[in-house]
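As structure tokens, the structure follows; a few thoughts come after it.
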Amino acid sequence: MMKNHKDKKIRKPSQITLDLTDRCQLQCVTCSKWHTSAADVIEKELTTDEWKCVLLNIRDWLGEGASIWFSGGEPFLREDIFELASYAKSLGLHAASMTNGYSIRHLAERIVDSDIDSISISLNAVNDPEIHNASRGRKDAFEKTMEAILSLKKIREEKGGRLNISIATIIFPDNLEEIIPLARFAKENGLTGIMFQIIDDVDAFHSFYEHKCYDTEHYRMPDALKDQYQKMSVRGGEIISQLMELKKEGYVIYNTFEQLEAMRTFLKDPDRIVRKIPCDVADTGMGIDPYGEVRLCFNMSPVGNVKDEKMEEIWKGSNACSCRAATKNCKMYCRLLNCNFDKSHKSLVHRAVHKGIRILKGYRM
């Protein structure tokens, strides 16, 4: 089997994520990364110079024009994020960042003026602040995040800036009635767009310091997560159908029609559909965690460390080949996550839906 993987042409990754830190100020119910103790990890994170070496390695391997995402934890807890973005720009790379938006209001002007091309801000509700606050584990999360979004928008307009500002929203039972208002909020406020993601296992979004990997081949969905899917099975499908209609009307919803179709199908019966959608995350993406470990899947074991090898060597190495093989036997439910799902799955989704699987009864296709 290893020989086949070596013989097969390995394409270069299309997405590179730099998880600058495991640290975060929030206590989100959709994530477990916040359990990380800052005192335990801050001295173990890659230094500014080490991250610059990573960026140079990316440019030398993938060339100018390659895109990278700064993520975390909360990447803006790293004070050097602006220096890293400037260095990436000097190398001809495009830099984007994800953020929870909780403590960036005072950085708004600096962000707009920086070499960060795009920023994606987490927001789970717009009409009912308590829904967002409860999901983020902070009573003032909505207020601070909204201040950040509106400040970035205002400063960008005043300065004629080029910063792309988008929203990232997790779909879960408590915020179903917020999904359409969020899409409208993004359009009405001139944001670049919005991306949706169905809630996944809380422990899947874990601290890389505390949790190295899952036994993905023997994974079983927690009962609590099953309950959440069941609660969304009907209304969630209706909401996603409405999103598809808004997308047809010109709303910038980054999810493809194929992914949205797969989402509403998945909510009806996760077990039967998810097996029909292959995971290709290990063929298309690469992530570097705060300690230099390289991962092709954030739930599987590291395949190397940037302190020891060049990224291209890691990408083509035996550990990476083994990881790609392991994804074929993975029993986790993250195939619909935005880091994995691609419009190339279109035909697979249609085959899964129409090949004798009657799980779309009651939905309009």
Pick out, in residue order, every one of the trypsin sites (Lys or Arg not before Pro) in the stretch 1-98 that is DSSP loop and has at most 12 other C-beta atoms within 10 Å; say none if there are none.
8, 9, 11, 44
Accessible area of the chain belonging to carbon and sulfur atoms, whole % at 1.4 Å probe
49
Per the helix-only model, the chain has a calculated mean residue ellipticity at 222 nm (DSSP H runs of ≥4, -39500 (n - 2.57) each, divided over all residues, rounded to the nearest 500) of -11500 deg cm²/dmol
Simple spin-label estimate for residue 35 and residue 56 in nanometres, 7 Å along Cα-Cβ:
3.8
Convex hull around the C-alpha positions of the chain: the volume in Å³ per residue is 136
Rel. contact order, % - alpha carbon contacts under 8 angstrom, at least six apart, the chain:
19
Residue-normalised accessible area of the stretch 22-155, given per residue in Å² at a 1.4 Å probe
42
Round to the nearest 0.05 the FRET efficiency obtained for residue 241 and residue 49 when R0 = 51 Å and r is the Cβ-Cβ distance.
0.55
At residue 128 and residue 313, where each label point lies 7 Å from the Cα along Cα→Cβ, what is the point-to-point distance in nanometres?
5.4
For a quick check, take a GNM of the chain with Cα springs below 10 Å and name the residue from 303, 29, 252 with the largest mean-square fluctuation.
29
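Note the full-extension length gain between residue 219 and residue 14 as 0.36 nm times their separation in residues minus their Cα-Cα distance, in nm to one decimal.
71.1 nm
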Wrap a convex hull around the Cα atoms of the stretch 71-147, take a quarter of its surface area, and give that in square nanometres.
5.1
By the Kirkwood definition, with r running over pairs of different Cα atoms, the stretch 120-199 has a hydrodynamic radius in Å of 12.8
In nm, to one decimal, how far is the modelled label at residue 226 from the one at residue 202, with both set 7 Å along Cα→Cβ?
1.8
Over the stretch 196-307, how many percent of alpha carbon pairs lie in each 5 Å bin up to the one with the longest distance?
2, 10, 17, 18, 18, 15, 12, 6, 2, 0
The base-10 log of I(q)/I(0) that the Debye equation returns for the stretch 1-80 at q = 0.12, 0.15, 0.20, 0.23 Å⁻¹, one scatterer per C-alpha, is -0.51, -0.70, -0.94, -1.06
Cα extents of the stretch 229-269 along the three principal axes, largest first, in whole Å?
30, 15, 10
So which trypsin sites (Lys or Arg not before Pro) in the stretch 110-208 are both in a DSSP loop and have at most 15 other Cβ atoms within 10 Å of their Cβ?
139, 162
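The values are calculated or read from the model by the stated rules, or taken from the named source; none is laboratory data. No experiment lies behind these values; they were computed from the predicted model shown. Cβ coordinates were reconstructed from backbone atoms using ideal geometry, including for glycine residues, and neighbour counts include every protein chain displayed. Please note that ligands, DNA and RNA were not included when accessible areas were found on the heavy atoms of the full protein model with its side chains. Shrake-Rupley method; radii C 1.70, N 1.55, O 1.52, S 1.80 Å.
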